[in-house]
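Read-outs throughout are calculated quantities, based only on the coordinates presented, and are distinct from any laboratory measurement. Keep in mind that what you see is a predicted model, and the values were worked out from it rather than measured. Cβ placement follows ideal geometry from the backbone for every residue including glycine, while neighbour counts extend to all protein chains displayed.
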Amino acid sequence: MKFEQSRRDDYIDHTDPLPAVKPSAGRWAEPYQPPGAQLWVVHLRRPETLPKGDARLLARLAAADMPTLRALMAQQDELARDRREGWR
């Protein structure tokens, strides 16, 4: 049986945006706790935008609790901002 997209009114292409979901703002994705782990982990949304040449800048952070993780995220944001503005 051949699937005909033109016959379906409710067809959604895989490239269509989700109707009620807006892209999240900010550099960091949502922090999470992996199953069986005690640490909180967060990743950069777009690690390819990480400025090159500075080993202090990280694409993944982990901490024992959420306040510490938020502090690390703020520290990384400040380092990245300084790097983009030309500070070393």
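Across the stretch 28-88, Cα-Cα distances exceeding 16 Å account for 44% of all pairs.
Each of 34, 44, 71 was placed along the dipole of the stretch 28-88 (beta-carbon charges, centred on the mean Cα), and the one lying farthest toward the positive end is 44. Between residue 74 and residue 24, the simple spin-label model (points 7 angstrom out along Cα→Cβ) gives 1.9 nm. If the chain linking residue 16 and residue 48 were pulled fully straight, counting 0.36 nm for each residue of separation and taking away their Cα-Cα distance, it would gain 9.1 nm.
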